[in-house]
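Asks: So that we are looking at the same thing, I have put the structure below in structure tokens.
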Amino acid sequence: MTVRTIQDQGVLDLRLASALEEEIWPFSGACALEDDDFPFEAISEIADAESWRKEINRPIYHIHKWWAHRLGTVFRAIVLGALTPSGTNLLAAFYRNVRLNDRVVFDPFMGSGTTLGEALKLGSRAIGRDINPVAHFLVRNALAIHDRKAILETFEHIRRDVSETLNSYYKTELEDGTCADVLYFFWVMRVDCPECCGPVDLFSSRIFARHAYPGRHPEAQAVCPSCGEVNPVRFDARTTTCSYCAFQFNPQEGPACGQKATCPACSHSFQITKTVRDRNAPPAHRLYAKLVLTPDGKKRYLAATDADRMRYSQASDALVKRADAYPIVAIAPGYNTNQALGYNYRYWHEMFNDRQLLCLSILAERIRALDDPVLRDLFACLFSGALEFNNMFASFKGEGTGAVRHMFAHHILKPERVPLEANLWGTPKSSGSFSTMFEGRIRRALDYAENPFEIQLAHNNGRRATEKVYGLSEPLGFDIADSHSEFAHGRRVYLSCGDSGRTDIPDRSVDAVITDPPFFDNVHYSQLADFFHVWQRHILGDGGPRRLPTTRSQSEVQNADAVTFTQRLSHVWAEAHRVLADDGVLAFTYHHSRSEGWHAVLHALMAAGFGITAAHPVKAEMSVAMPKHQAKEPIDLDIILVCRKRALLASRRLNGGLWPAVLPIVSGQVMRLRERGRKLSRNDIRVIVMAQLIRQLSCLPSLEAALSHLESSEPEVETAIERLHPATNVSVGGTCP
């Protein structure tokens, strides 16, 4: 990646140049986001490049885990389009030093803060609200004013006070008696056979470590089922002989296979989950291997020794002596917590082993002792982020990539049969440690906040590359208002935690509401966020947004029930309608593979008094997201839905039929994406069709008529999708399919 500054950019068209001279955009009537030629395909290409290195290209939004990180590129384009006049050259504006002075942007579902950060970089003022305290906490830390010198000094003080103690629990002796750092300890879940009561290690494969790119780096590591020693093998080997005890085995096989396991001692086959549940306690684990960093800087995979187990026992003994070492909070039932509860994890602290709890306790105590509340919050945020990689639900990704697969890789609390224990403080060669995350998250975010950049596509020796473009945006770092009254007296940012269906924002005081609402689905952020919340309360206390022991709320919009989701989303849109200026726009990103999801969003919008004036497909979420790779028909597109108050829109009649208005737009958008080389799944086609369908229906005279037409359109929807898929440049005419 190379670097450019704004001075390298070309000349803009006269309309844009004139506006830039004043650094204030004229705005009235239609906005650029409502133009048919909104450059969604070009924005998608830039966003796609961002998505592969999201934590580097937009580090400010990645100082802590959140489950719906949207792409900064997309939201920069949305903010620009929503607050500039129709006809603006948005691609040219994207790489110019634009200032949307005094415009107010409100995000009622601020999540990780993407909308707010992009609006602030463009000179706008920003209001963010989220019902989840963890989201509120991470955005406050991302956007607050930070003293770099004080942060670096504080990190050094913490390092001086605790790193030696923490690292002492991650030491091991090599064969020659020298001491080495342990990067990772490897554990395996163990259950007793219901038949013979013998211990059964739940390996599905004896290979426990391989390279992320095994075709180029075929060497892997396997543990011998007879003597427990570690053997180098090819990743695809079907037979090997242990170099220590000469036992022959198939490294691809283990006692566990799917939901069943077979006892190697008596050959009895049994259900794993039932056997674990009958134990009435969380599963036991056995330490079997380690990856060490030798004094000469080399990495070695070795079998765990009795001395390693003794050091772990010492940590257990030390933990018992610590008062109030960790939060003791029960896990509540829920769609995203029931799997952990099914394995008898009843409390959040049971997801950690004793050594992890001891080291976390020592580090948490040191952070709690910080006097400066801004620094205390920031380092508590870093600590909370490190929890994701330092628990017994994390696993090993392998060499050649970030070694630790964090616990939320599947978006659920999935018990890990072969968990990885990382070194909490870490070394420069660690992954997921407190010290390396300080460098990778906090220091990188500080750099970005001081000097934000955009990425631009380029070519390097015939290959697509990216370059950083500096000088386009204002620095980030603000004195954050805690009430609208403070915001009204001149502060640039106002953040609050609570139900976005009720705010203290005055009527018609917001120029644009721009957001990414929760999905109508089964991933409940609050059920997962409690994992972090209990530790944040443990360090920072239970004041303000942390007054309750859970982040769950009866008012949260995210819900698997369509009726409840629709009602709660409608309440938020109604509040957005109240606070939005009459000539303002509501713009949000959305996608769904089920008709209920589109029915819900149309119902909620119209009930709140909004109609849709434009709908554009654009690159969605992260290219490397595991749920996306696992889906049969993954959705790679979001739809930007642009809305205005229905009272100001002309009511529409379907005298000429519905589909002649829908299909040409759908066909054109599909064609534009394909002409840029983007492959579209059936579900990608579906979101484009459904978005244009509800766009037309949202301007019908009544909600009842719109929902009736939507319900009766399913055959036409399926026919349109069939004609536009597979990915060939097919043109659909303007007649009903």
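Asks: Report the extension gain between His411 and Asp317 in nm, rounded to one decimal, defined as 0.36 nm multiplied by the number of residues separating them, less their alpha carbon distance. Don't skip to the answer; put the middle values down first.
Replies: Values: separation 94, 0.36 × 94 = 33.84 nm, distance 3.38 nm.
Length gained, His411 through Asp317: 30.5 nm.
Asks: A further question follows. In debye, nearest 20: dipole of the chain around its Cα centre with unit charges on the Cβ of K, R (+) and D, E (-)?
Replies: Working: 83 positive and 85 negative charges, 214 e Å.
In debye, rounded to 20, the chain gives about 1020.
Asks: A follow-up question, please. Go through the range 148-238 and name the trypsin sites (Lys or Arg not before Pro) that are in a DSSP coil and have 14 or fewer other Cβ atoms within 10 Å of their Cβ. Kindly include the intermediate steps, with their values, before the conclusion.
Replies: On the way: sites: Arg148, Lys149, Arg159, Arg160, Lys171, Arg190, Arg206, Arg210, Arg216, Arg234, Arg238; in loops: Arg206, Arg210, Arg216, Arg238.
The qualifying sites are Arg216, Arg238.
Asks: Rounded to the nearest Å, what's the spacing between the alpha carbon centres of the range 202-249 and the range 269-332? Just the number, please.
Replies: First find each Cα centre; the distance between them is then 22 Å.
Asks: Suppose only helical runs count, i.e. DSSP H with n ≥ 4. What mean residue ellipticity at 222 nm does that imply for the chain under -39500 (n - 2.57) per run, divided by all residues and rounded to the nearest 500 deg cm²/dmol? Don't skip to the end; give the middle numbers.
Replies: Working: 24 runs with 262 residues, N = 737.
It comes out at -10500 deg cm²/dmol, rounded to the nearest 500.
Asks: So what's the net charge close to Lys171: Lys and Arg +1, Asp and Glu -1, counting the other residues with Cβ under 10 Å from its Cβ?
Replies: Local net charge: -2.
Asks: Where does each of Cys179, Cys193 land when they are ranked from fewest to most other beta-carbon atoms within 10 angstrom?
Replies: On the way: Cys179 11, Cys193 21.
Fewest to most other Cβ atoms nearby, the residues stand as Cys179, Cys193.
Asks: With 10 angstrom as the radius, rank Ser431, Ser204 by how many other C-beta atoms surround their C-beta, starting from the fewest. The partial results should precede the final answer.
Replies: Numbers: Ser431 22, Ser204 15.
Result, fewest neighbours first: Ser204, Ser431.
Asks: Alpha carbon centre of the range 531-597 versus the range 395-436: separation in Å?
Replies: Using only Cα atoms, the two centres lie 30 Å from each other.
Asks: In the range 450-508, which trypsin sites (Lys or Arg not before Pro) are in a loop and have at most 12 other Cβ atoms within 10 Å, using DSSP for the loop call? Could you put the intermediate results ahead of the total?
Replies: Values: sites: Arg463, Arg464, Lys468, Arg491, Arg492, Arg502, Arg508; in loops: Arg491, Arg492, Arg502, Arg508.
For trypsin sites (Lys or Arg not before Pro) across the range 450-508 that sit outside H, G, I, E and B with at most 12 neighbouring Cβ atoms in 10 Å, the list reads Arg502.
Asks: If you don't mind, another one. So, counting K/R as plus one and D/E as minus one, what does the shell of residues with Cβ under 15 Å around Asp324 add up to? If you can, show how the numbers build up before the last one.
Replies: On the way: positive: Lys321, Arg322, Arg366, Arg368, Arg537; negative: Glu365, Asp542.
Combined, the nearby Lys, Arg, Asp and Glu give +3.
Asks: Another question, then. In a shell of Cβ-Cβ distance under 15 Å around His489, excluding His489 itself, what net charge do Lys and Arg (+1) and Asp and Glu (-1) give? Don't jump to the answer; show the numbers that get you there.
Replies: Working: positive: Arg125, Arg491, Arg492; negative: Asp102, Asp479, Asp482, Glu486, Asp504.
Around His489, the charge tally is -2.
Asks: Follow-up question, since we're still on this one. 5 Å is the cut-off here: which amide hydrogens, built 1.01 Å from N in the peptide plane, fall below it relative to Phe478, excluding neighbours closer than 5 in sequence?
Replies: Ala144, Ile145
Asks: For the chain, what class follows from the C-alpha gyration tensor (a ≥ b ≥ c being the square roots of its eigenvalues): rounded when a/c is under 1.5, otherwise prolate if a/b is larger than b/c, else oblate?
Replies: Values: a/c = 1.84, a/b = 1.56, b/c = 1.18.
It comes out prolate by the Cα gyration axes.
Quick note: the coordinates plus some simple rules give every number you see, no bench work behind them. Just so it is clear, the model here is predicted, and its values are computed rather than measured. Neighbour counts run over all protein chains shown; Cβ positions are idealised from the backbone, glycine included.
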